[in-house]
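A.B. asks: Quick one: structure below, then a few questions.
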Amino acid sequence: MVSLCRWVSPVNALRRHRELSRIWASDPGWRGWFTTVNHTDIGRMFLAVAVIFFFIGGILAMLIRAQLASPRSPFMGPEIYNQIFTMHGTIMMFLFAIPLFEGLAVYFLPKLLGARDLAFPRLTAYGFWCYVFGGSMLIFALLAGIAPDSGWFMYPPLSSTLGSPGINSDFWLIGITFVEISAICAAVEITVSILRYRAAGMSLSRMPIFAWYALVTSLMILTGFPPLILGSVLLELERAFGMPFFQVEHGGDSLLWQHLFWLFGHPEVYIIFLPAAGVISTILPVMARTTLLGYGWVVVGAISLGVLSFGIWVHHMFATGIPHMALAFFSAASTLVAVPIGIQIFAWLGTIWKGRPQMHLPMLWIVGFFATFVIGGLTGVMVAVVPFNWQVHDTAFVTAHLHYVLVGGFVFPMLAALYYWMPHLTGRKRFFKLGETAFWLVFIGFHGTFLLMHWVGLLGQRRRIDTYDAGSGWEVINLISSVFSFVMAIGFALILIDVIIHTVIRSRGPRNPWGAGSLEWAMPIPPPPYNFASLPEVTSRDALAKSPGLALGLAKGEGYLGTPRDGLRETLTVDTATGQPNGIVVFPKNTALPILMAFVTGGIFLGMLIKAYWLVPLAGAGVVALSLRWVWGLGHRRDRGLQDAGRGLMLPFASETADPPGWWGSVFLLIANATFFGCLLFGYAFLWTVAPNWPPPQWGVADVRWLGVAFTGALIGPLGIRWAILSLGRDGSPLPGFLATLVGVVGLGAGAATIPLSLPDPTRHAYDATLWVIGGYGLFHAALVVLMTCFLIARSAAGFLSARRLGEARIVRLWVDYAALVTLAALAAAFAPGLLS
Amino acid sequence: MTDILRLFGPLVLWLASFSAIYGLHGAICAQGWDRSLLVMAWGIAVAVQAAPLLLLSTERFGARAGFVRRASLALAIVSLVAVIWTLAPAAFLSACV
């Protein structure tokens, strides 16, 4: 039930709509594409670009099937084929699946949660442009015939300079890392938005089920992507500068890459599946005209699946000669994840049983999902069993399995989402019934293609081969498989035509065509840029179902923040657990800063790619300058006190609370950062214990004086920032505290610098190379915190800090503490072995 | 935030135990240490994993909201099962073959 009290805003509905539209609208014309920070715009752009990449990846898949349709096919040679299958996997995993989730979450989450935008609108736009620029790099490589060709796993030594001396692998390592900035940005803001930017009264138990899935997925991205970013950094350092992380003769080990890659790669499967499961849990009850059975169990299942998926990465490495006991650990964990998936499947089946399902098109895709994903799950349990895994390792059976999981578990639910939410995106209803025909073509085409691929895999056809001999027994199977793949492609083309017709033909649809109970339908469709004219207060999980007049009441201004104030873009923040409103956030206006920042960030990656190293520091300085410009415009120069949030509620601006959104963003960014550092230490320990050719020729020797400086810095820095915050809280001058912080952090930097200085040649041994990276990491954080502290001093001088406005200093405190901890850990990792031996 | 920790904490603890014992396994094989260390570590991991279950069922550390309380206890049980099941090979299989 939704409570809309008798409080009435002084502004009438039409005037409110016009005023809010003026405040929230994007810039007119083409300029709006580049300056918009509105989540509805960016979400649509994310979705459109992801779909374009899907079709590019799909065309590559058709080329692969054309090549394999007959033995000894002259269609293309191995050099081109290698690029095509590598780019097919890369595009589908990195440029389609993850960005599609991001687009879906960016577009829908604020609407589902009852907010007007995501936590950091400019970050949304920045992430989007990083994705576009990074993805464009890879597509350029494809068109130029210099695309990555080592498989989407990029295993060294095949991907190192030994196996891939050209620029091909560099495009992958650098382009994908650039794109991953987008994923980390999206994950931070989705997490903070779900925890803080919800409707009043939306406690954790009342959150839309999709928000739970998005929360788990985002936390998984924050902890799953750093291992791959680290692996890419290390491999690029090896390729560019000869630092031998993966070269056995110098103490490296190519298995380290496999660990880092699959530490990312297996959670990635669930990062892709969980949003799809969220979509099913949202759509299925609507299609069955009931509520989700076992909401709490589904939440428990999603969280279990998210965390357990981090314990099964080695099941991709069963054939690498790892001892039996270790294989058994990961085999046991791999079978365990079937349980939370089973809970969700049974909850969905129970929901269908409980309700009165209607076979609309979204439901058709969900049924297709059930049939396909269950088969993929069962073959997954089969490959989790070690002896069977050894039999089918690197065969087409595994290719078939992963397509059942990813297409069945992601693409089909996303097509259900497309048809379910298309009326929301366009405000129109479907005209022709092409979608149903397309479903059967895709469904039959998919199973015809991949069911047969299991078979040919069991007959021994290896994955990724560019051709095979006549008489192998695979010819007929491959031919049939290729024919069905083209049936599937025709189905996808029909879907595209259906969407274009839907968009072009102006046939207005009803506001809530499915009779859903979630908040995204409590607004006009297509949605206005501000989402809700006033913000709802909810008292149940299905707010709109319990209060059908909610949309009208919100348009009349009966919710919170219904009266536009000073042209500000405002929304509410709430307490994480209870959903009690606790602050008013003022969002930034349209700006070209995000695209400019992404462009300059691209300079760093481009400099690395084309080996124009002078460009890297130049672009880095540009990023610093733009970052300072970015954050300088936040906050207020004077205390504003409590503000009217409507309905008699008085709240402070978020910038006057102890934990503003930036503080929450920093916490989650630091979680990703700490994962990166943890993986670096794992890599160091792995090489030490497993890699041949250890110990190194010489241990690093610590200079005790500099160690003392670093330890003193680790004490003074954190104490200094606390002193500054204490002084601010008492209306005193924070400057002495800031200066103490600076002194401490400079000491930390000096300590971190001693690590590479004690080992002059990073190409000598993997030990030296690893410690250079560890030392560099510490030095980078010290420099970052120096910059932050100087910024705080300037902000304090300009009047942005006060006893009520402590948030920025508290954010910097997080980073100072982190820099102190990682520097101490880095010094211990670097010098303890030398001291102990 | 505390409720989020209650929900995710037990499984993160399992992940830490799992990773630590996998790391210990590598060290044992590299250094030639006695494999009984692994069995001991498994026992300790099971005992430690019981702690969140016990704590979350108390008034002091458990969640106030019924939904979070039930879900966090269920997740603590899942974690306990996970630590027993996934690390059981430590007691039954050869370590470094």
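Only the coordinates and a few stated rules stand behind these numbers; no lab work does. What you see is a predicted model; the values in this text were computed from it and never measured. We place every Cβ from the backbone using ideal geometry, glycine too, and count neighbours over all the protein chains shown.
A.B. asks: Using modelled amide H (1.01 Å from N, peptide plane; none on Pro or chain starts), what sits under 5 Å from the amide H of residue A:428, excluding residues fewer than 5 places away?
C.D. replies: It is A:509, by chain and number.
A.B. asks: Between residue A:143 and residue A:249, what is the FRET efficiency for a Förster distance of 35 Å, r being their Cβ-Cβ separation, to the nearest 0.05?
C.D. replies: 0.40
A.B. asks: Something else: When the Karplus curve 6.51 cos²θ - 1.76 cosθ + 1.60 is applied with θ = phi - 60°, which whole-Hz ³J(HN,Hα) does each residue of region A:609-625 get, with x for Gly and Pro?
C.D. replies: 5, 9, 6, 9, 5, 5, 6, 5, x, 5, 5, x, 5, x, 5, 4, 4
A.B. asks: Given Cβ point charges of +1 (Lys, Arg) and -1 (Asp, Glu) and nothing else, what value in debye, to the nearest 20, does the dipole of chain A about its Cα centre take?
C.D. replies: 3000 debye
A.B. asks: Taking every DSSP beta bridge with both residues inside chain A, roughly what % is antiparallel (nearest 5)?
C.D. replies: Counting only bridges with both partners in chain A, antiparallel ones make up about 85 percent.
A.B. asks: What FRET efficiency comes out for residue A:476 versus residue A:685 if R0 is 51 angstrom and r is the Cβ-Cβ distance? Round to the nearest 0.05.
C.D. replies: It comes to 0.50.
A.B. asks: Further question on the same structure: For region A:748-837, which trypsin sites (Lys or Arg not before Pro) pass both filters: DSSP loop (anything but H, G, I, E, B) and at most 14 other C-beta atoms within 10 Å?
C.D. replies: In loop regions of region A:748-837 (DSSP not H, G, I, E or B), there are no sparsely surrounded trypsin sites (Lys or Arg not before Pro).
A.B. asks: Ranking A:613, A:777 by Cβ neighbours within 10 Å, fewest first, what do you get?
C.D. replies: Listed from fewest to most nearby Cβ atoms, that is A:613, A:777.
A.B. asks: Given a Förster radius of 41 Å and the C-beta distance between residue A:835 and residue B:5 as r, what FRET efficiency does 1/(1 + (r/R0)^6) yield to the nearest 0.05?
C.D. replies: 0.70
A.B. asks: Still on this model: What Kirkwood hydrodynamic radius, in Å, does region A:450-594 give when the mean of 1/r is taken over all pairs of distinct Cα atoms and then inverted?
C.D. replies: 21.0 Å
A.B. asks: Taking 7 Å along the Cα-to-C-beta vector as the label spot, tell me the residue A:757-residue A:55 distance in nanometres, rounded to one decimal.
C.D. replies: The two pseudo-label positions are separated by 5.8 nm.
A.B. asks: What distance in nm separates the simple spin-label points at residue B:33 and residue A:136, each placed 7 Å from Cα in the Cβ direction?
C.D. replies: 5.3 nm
A.B. asks: Under the rule that an exposed site lies in a DSSP loop and has at most 13 other Cβ atoms within 10 Å, name the longest stretch of chain B with no trypsin sites (Lys or Arg not before Pro) of that kind, not counting the sites themselves.
C.D. replies: The answer is B:1-59.
A.B. asks: In whole Å, what is the distance between the alpha-carbon centres of region A:722-801 and region B:25-68?
C.D. replies: 36 Å
A.B. asks: I'd like the projected area of region B:2-92, averaged over all directions, using the convex hull of its alpha carbons. Report it in nm² with one decimal.
C.D. replies: 5.7 nm²
A.B. asks: Fully extended, how many nm does the chain gain between residue A:324 and residue A:726 (0.36 nm per residue separation, minus their Cα-Cα distance)?
C.D. replies: Additional length available on full extension: 139.1 nm.
A.B. asks: Normalised by the number of residues in chain A, what is the relative contact order in percent for Cα pairs under 8 Å and 6+ residues apart?
C.D. replies: 17 percent
A.B. asks: Moving to a separate point now. Could you give each residue of region A:83-98 its phi-based ³J(HN,Hα) in whole Hz, using Karplus coefficients 6.51, -1.76, 1.60 with θ = phi - 60°, and x for Gly or Pro?
C.D. replies: Residue by residue, region A:83-98 yields 5, 6, 6, 5, 6, 4, x, 4, 5, 5, 7, 9, 9, 10, 5, 5 Hz.
A.B. asks: Okay, moving on. Based on the Kirkwood radius over alpha-carbon pairs, what value in µm²/s does the Stokes-Einstein equation return for the translational diffusion coefficient of region A:222-315 at 4 °C and 1.567 mPa s?
C.D. replies: It comes out at roughly 83 µm²/s.
A.B. asks: Hey, got the Cα dimensions of region A:298-403 along the principal axes, in Å, largest first?
C.D. replies: 52, 31, 16
A.B. asks: Can I ask one more? In nm, to one decimal, how far is the residue B:88 label point from the residue A:382 one, both placed 7 Å along Cα→Cβ?
C.D. replies: Inter-label distance under the simple model: 2.4 nm.
A.B. asks: Continuing with this model, one more query. Fully extended, how many nm does the chain gain between residue A:349 and residue A:715 (0.36 nm per residue separation, minus their Cα-Cα distance)?
C.D. replies: 126.1 nm
A.B. asks: I need the Debye-formula profile for region A:47-103: one equal scatterer per C-alpha, no solvent, reported as log10 I(q)/I(0) at q = 0.13 1/Å, two decimals.
C.D. replies: The calculated log intensity ratios at q = 0.13 Å⁻¹ are -0.36.
A.B. asks: For a quick check: with amide H placed at 1.01 Å from N, whose amide H comes under 5 Å from residue A:395's, ignoring anything fewer than 5 positions away on the same chain?
C.D. replies: When sequence neighbours closer than 5 places are left aside, the close amide H contacts are A:463.
A.B. asks: Could you give the length gained by full extension between residue A:358 and residue A:735, i.e. 0.36 nm per residue of separation minus their alpha carbon distance, to one decimal place?
C.D. replies: That pair, residue A:358 and residue A:735, stretches by 129.1 nm at full extension.
A.B. asks: Could you size up the charge dipole of region B:2-92 around its Cα centre, putting +1 on the beta carbon of Lys and Arg and -1 on that of Asp and Glu, and report it in debye to the nearest 20?
C.D. replies: Here the size comes out at about 280 debye.
A.B. asks: For residue A:573, what residues show an amide H to amide H distance below 5 Å, using hydrogens built from the backbone and excluding near sequence neighbours?
C.D. replies: The list, which skips near neighbours in sequence, is A:582, A:583, A:584, A:585.
A.B. asks: Something else now. Can you pull the three principal axis extents for the Cα set of the protein assembly as shown, in Å, largest first?
C.D. replies: Largest to smallest, the principal-axis extents are 77, 74, 57 Å.
A.B. asks: Using the Cα atoms of region A:592-731 to build a convex hull, what is its mean projected area in square nanometres?
C.D. replies: The Cα convex hull of region A:592-731, projected and averaged over all directions, gives 15.6 nm².
A.B. asks: Suppose a student asked you for the relative contact order of region B:2-92, using Cα pairs under 8 Å spaced at least 6 residues apart; what percent would you report?
C.D. replies: Relative contact order here is 45 percent.
A.B. asks: From the backbone phi of region A:116-127, what are the Karplus-calculated ³J(HN,Hα) couplings (6.51 cos²θ - 1.76 cosθ + 1.60, θ = phi - 60°) in whole Hz, Gly and Pro given as x?
C.D. replies: So the Karplus estimates, Gly and Pro as x, are 9, 6, 6, 5, 10, x, 5, 5, 4, 5, 4, x Hz.
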